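Worksheet: one structure, shown below.
Just so it is clear, none of the values below were taken in a lab; they were calculated from the coordinates. Only a predicted model underlies this, so the values are computations on that prediction, with no experimental measurement involved. Neighbour counts are summed over all protein chains in view; Cβ atoms, including those assigned to glycine, are modelled from backbone coordinates with ideal geometry.
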Amino acid sequence: MQIWLTLAIVVLVDRISKFLIQTNMELGESLEIIPGFFHLTYIQNPGAAFGMLAGKNWLFVITAILALGAIFYFQAKVTDTLMRICLGMVGGGALGNLYDRLFLGKVVDFLDFKVWSYIFNIADSMIVVGGFLLAFLIYRHST
C-alpha cells in the first residue's frame, strides 16, 4: 500500500506543479524566488538529468517502463516500510516524467537552484532522493 500511495502522491504533486508552471509562465521565463539562490525557470528538457542524451526519448520511455515493472515485481518481496516508500518515490518520479515524454516529447523542468547550473522538477527529485535512500537501505540491510 505504501508504494502505490507514495507513487500516486508523487505523480499528483509532479503533475500539478508542472501544470502550474506551464499555464502561468512562458517557456524560458525565470522568476526570482530567493535572490541569488532559487528561481522558478520554465524549460523543456529533451534529455535526461542534466540534459544528457537529448533526443533519445525512446530510451527514457523504455527505462521508465522497466523501472515501473521492477517495482511491480518487487512490491510483494519488500516488507520494510521505508523501502516501500522509496520505491513509490522512484516509481512516481518515473511515471511523472514518462507522462511528459509521451505527451510533450520533453520533460518540464523548473526548479532552478543557482548554486549549480541544472534545472529539474519534482519527479527528478523523487527519483534521485528515493533511489539514493533505497540504495542506502539495501546496503544497511545487507551488512
| query | Tilt of helix 2-24 relative to the longest C-alpha principal axis of the chain, in degrees (0 to 90, nearest 10)? | reply | 10 degrees
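Counting other beta carbons within 10 Å of each residue's own, what order do His39, His141 fall into, fewest first? Walk me through the numbers on the way to the answer.
Details: His39 18, His141 9.
Fewest-to-most Cβ neighbours within 10 Å comes out as His141, His39.
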| remark: The long-range amide H neighbours of Asp80, using H built 1.01 Å from N in the peptide plane and a cut-off of under 5 Å, are none
| Helix 122-142 sits at what angle to the longest principal axis of the chain, using alpha carbons and giving 0 to 90 degrees rounded to 10? | 30 degrees
| said: Calculate the FRET efficiency for Leu12 and Arg140 from the Cβ-Cβ distance with a Förster distance of 41 Å, rounded to the nearest 0.05. | reply: 0.85
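Counting other beta carbons within 10 Å of each Cβ, put Ser117, Ser30 in order, fewest first. Let's see the in-between values first.
Details: Ser117 9, Ser30 15.
In order of increasing Cβ crowding within 10 Å: Ser117, Ser30.
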| field | Along the chain, longest interval not containing exposed trypsin sites (Lys or Arg not before Pro), exposed being DSSP loop plus at most 14 other Cβ atoms within 10 Å | value | 1-55
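With n ≥ 4 as the cut-off for DSSP H runs, can you work out [θ] at 222 nm for the chain, using -39500 (n - 2.57) per run divided by the number of residues, rounded to the nearest 500? Please list the in-between numbers first.
On the way: 4 runs with 85 residues, N = 143.
Helices in the chain give a 222 nm mean residue ellipticity of -20500 deg cm²/dmol.
Taking a threshold of 29 Å on the Cα-Cα distance, which of the pairs Lys56/Lys114; Lys18/Lys114; Lys77/Lys106 fall above it?
Working: Lys56/Lys114 27 Å; Lys18/Lys114 20 Å; Lys77/Lys106 34 Å.
Going by Cα-Cα distance, Lys77/Lys106 fall outside the 29 Å limit.
Normalising by the residue count of the stretch 47-143, find the relative contact order in percent from Cα pairs under 8 Å and 6+ residues apart. Write out the running numbers ahead of the final one.
Values: 88 pairs, mean separation 29.6, N = 97.
Value for the stretch 47-143: 30 percent.
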